[in-house]
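The values are calculated or read from the model by the stated rules, or taken from the named source; none is laboratory data. All values reported here derive from a predicted model rather than from experimental measurement. Positions of Cβ are backbone-derived with ideal geometry, glycine not excepted, and every protein chain shown enters the neighbour counts. Ligands, DNA and RNA are stripped out before the accessible areas are found, and what is left, the full protein with its side chains, is counted by its heavy atoms. Shrake-Rupley method; radii C 1.70, N 1.55, O 1.52, S 1.80 Å.
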Amino acid sequence: SFSMQAKMPPCDFSPGKYESYPYERMLKIRKQNLSPSLVTYYKKPLLLHQGHMQWLFDYEGRRYLDLFAGIVTVSVGHCHPKVTAAAQKQLGHLWHTTNIYMHPSIQEYVEKLTALLPDPLKVVYLTNSGSEANDLAMFMARLYTRNFDLICFRGGYHGGSPYALGLTSIGSYKHGVANGFGCQTTMLPDVFRGPWGGSHCRDSLVQTIRKCSCSQGCCEANDQYVEQFKDTLSTCVTKAIAGFIAEPIQGVNGAVQYPKRFLKEAFQLVRERGGICIADEVQTGFGRTGSHFWGFQTHGVVPDVVTMAKGIGNGFPMAAVVTTPEIANSLAQNLHFNTFGGNPLACVVGSAVLDAIAEDGLQKNSEEVGTYMLLEFAKLRDKFEIIGDVRGKGLMIGIEMVKNKDSRQPLPAEEMNQIWEDCKDMGVLIGRGGIYSQTFRVKPPMCITKQDAAFAVEVFHAALMRHLERTAA
């Protein structure tokens with residue numbers, strides 16, 4: 001019988017004593033008084049009590065390495081001291097005032113944020129969530145172009161609001177109400193699961209196991225997916241469109257990457273139709289991909305609109321739409337107002353997050369630790385038949401699980417669940433994603449260390465070995 005107990009790295013932080021309700025009462029309240037749409041992870045839901053950087057502690061004081069970061073939201077670390085101190089100082093100074101008045105932090109923050117973006121992306125509209133930001137981006141695209149149709153990828157996630165849900169193309173998020181007017185999905189250029197793919201397609205150190213005969217600088221899979229995009233433009237939308245939205249790397253769908261040249265060619269086709277190009281950086285932004293601060297930069301493109309949230313506030317409810325002066329002006333023809341967007345507390349927190357990313361070298365850390373993890377997970381792919389694909393960039397990694405590499409059929413849910421539970425029991429919290437919930441999502445706080453990463457890989461390896469034992473039995 002295989003037995004393996006990975007040694008958790010040390011942590012110099014001790015959580016405070018848990019003093020709230022007993023676990024069973026918490027569970028009862030959740031079942032009775034919180035919406036049943038708010039699902040919990042794991043057979044026995046975690047009751048978390050405290051966080052410190054890359055670590056979480058439950059009500060009994062047990063420590064977990066957080067590889068999911070509050071669904072890719074905790075960018076610089078749980079309760080990061082610099083961000084916490086900035087928030088505490090502002091709490092004693094000014095919590096909120098309407099943005100029809102000026103206050104220092106909004107001007108200071110947007111100057112700092114726009115300095116990180118290329119021209120002409122220099123105008124900011126602050127909101128509270130990624131759904132709000134994408135909602136507004138859709139609205140601005142239609143106002144500016146005076147066109148209606150928007151194109152999005154199958155497998156994309158852009159929010160759950162009634163408006164943005166039209167862009168979200170994952171069936172489990174769809175409800176039985178009308179949505180998606182003017183939103184047209186197009187084929188996802190997924191070089192692992194899609195009809196075309198090869199061994200040189202992705203901007204990643206780890207490619208698919210699929211083979212191809214493409215020469216240097218040529219990607220037949222990319223050409224085929226571009227033809228599919230052209231087909232969508234020719235058959236499913238009007239001659240003039242409002243725009244196209246894409247995540248530089250798909251998040252909820254499991255860190256899906258496109259062929260290297262695809263977005264550049266797609267952007268050109270969209271602009272030829274009068275549309276604008278929107279980059280959804282809600283999960284890829286703020287240095288997470290390692291090589292660049294923004295995901296769109298890895299594709300060699302400059303969008304017309306960039307939406308961002310999650311890591312922007314390290315868990316504080318905050319988001320933004322950044323665009324050009326011309327597109328922003330289209331919103332100024334009538335009133336458009338957001339009560340809490342750009343409030344003093346949010347702006348101070350956002351500014352402290354940018355400082356922490358720079359001062360702690362977190363973009364470089366994402367590249368170095370992320371590369372190490374990616375290559376280590378790729379070794380496990382070569383060892384285990386049920387790992388079909390390992391992909392990603394920086395600290396945005398997907399591990400797609402399959403019945404076997406030949407069929408690429410998703411690993412059954414009960415097997416996925418057991419591996420997932422085993423990782424949790426050994427002290428590692430990992431995310432799930434994909435159309436069939438077949439992909440493990442590794443997107444930790446960007447402060448994670450190489451020692452932590454080695455522990456995570458060791459735990460995942462142990463969980464896979466336990467799976468083999470169960471299968472053999």
Under the Karplus curve 6.51 cos²θ - 1.76 cosθ + 1.60, θ = phi - 60°, whole-Hz ³J(HN,Hα) for segment 432-447, x wherever Gly or Pro sits: 10, x, x, 4, 10, 6, 9, 10, 7, 10, 10, 8, x, x, 6, 8
Net length gained if the chain between Arg271 and Asp425 were fully extended (0.36 nm per residue, minus Cα distance): 50.5 nm
Span from the segment 262-280 Cα centroid across to the segment 341-393 one, whole angstrom: 27
Ranked order, Trp95, Trp196, Trp55 - accessible area, probe 1.4 Å, largest first: Trp95, Trp196, Trp55
Difference of contour (0.36 nm per residue) and Cα-Cα distance, Glu326 to Asp360: 8.7 nm
In debye, nearest 20: dipole of segment 99-360 around its Cα centre with unit charges on the Cβ of K, R (+) and D, E (-)? 640
Quick one: Cα centre-to-centre distance for segment 195-240 and segment 399-473, in angstrom? 28
Compute the separation of the alpha-carbon centres of segment 155-172 and segment 65-99 and state it in Å as a whole number. 27
Which entry in (i) -0.59, -1.25, -1.33; (ii) -0.26, -1.30, -1.48; (iii) -0.30, -1.30, -1.45 is this structure's computed log10 I(q)/I(0) by the Debye sum over Cα atoms at q = 0.06, 0.13, 0.14 Å⁻¹? (ii)
Computed over segment 99-360: relative contact order in percent, which uses C-alpha pairs under 8 Å that are six or more apart: 27
Given a 1.4 Å probe and every protein chain left where it sits, what share in percent of the accessible area of the chain is carbon and sulfur? 54
Counting each DSSP H run of 4 or more residues in the chain as -39500 (n - 2.57), what helix-only mean residue ellipticity at 222 nm follows after dividing by all residues, to the nearest 500 deg cm²/dmol? -10500 deg cm²/dmol
Simple spin-label estimate for Gln451 and Glu220 in nanometres, 7 Å along Cα-Cβ: 4.9
In percent, how large is the relative contact order of the chain, given Cα pairs closer than 8 Å and 6 or more residues apart? 23
Karplus (6.51, -1.76, 1.60) ³J(HN,Hα), θ = phi - 60°, over segment 370-379, in Hz, Gly and Pro reported as x: x, 4, 4, 5, 4, 5, 5, 5, 5, 4
Given contacts defined as C-alpha pairs under 8 Å and at least six residues apart, what's the relative contact order of segment 1-134, whole-number percent? 13
Compute the label zone of Gln333 within segment 239-257: residues whose backbone N is under 20 Å from the point 7 Å along Cα-to-Cβ. 239-244
Stretched fully, the stretch from Ala240 through Thr97 gains (0.36 nm per residue minus C-alpha distance, one decimal, in nm) 47.4 nm
Per-residue counts of other Cβ atoms within 10 Å, averaged by peptide: what ranking do you get for 17-26, 143-152, 207-216, highest first? 143-152, 207-216, 17-26
Which of Pro10, Val390, Ala86 sits farthest toward the positive end of the charge dipole of the chain, with +1 on the Cβ of Lys and Arg and -1 on the Cβ of Asp and Glu? Val390
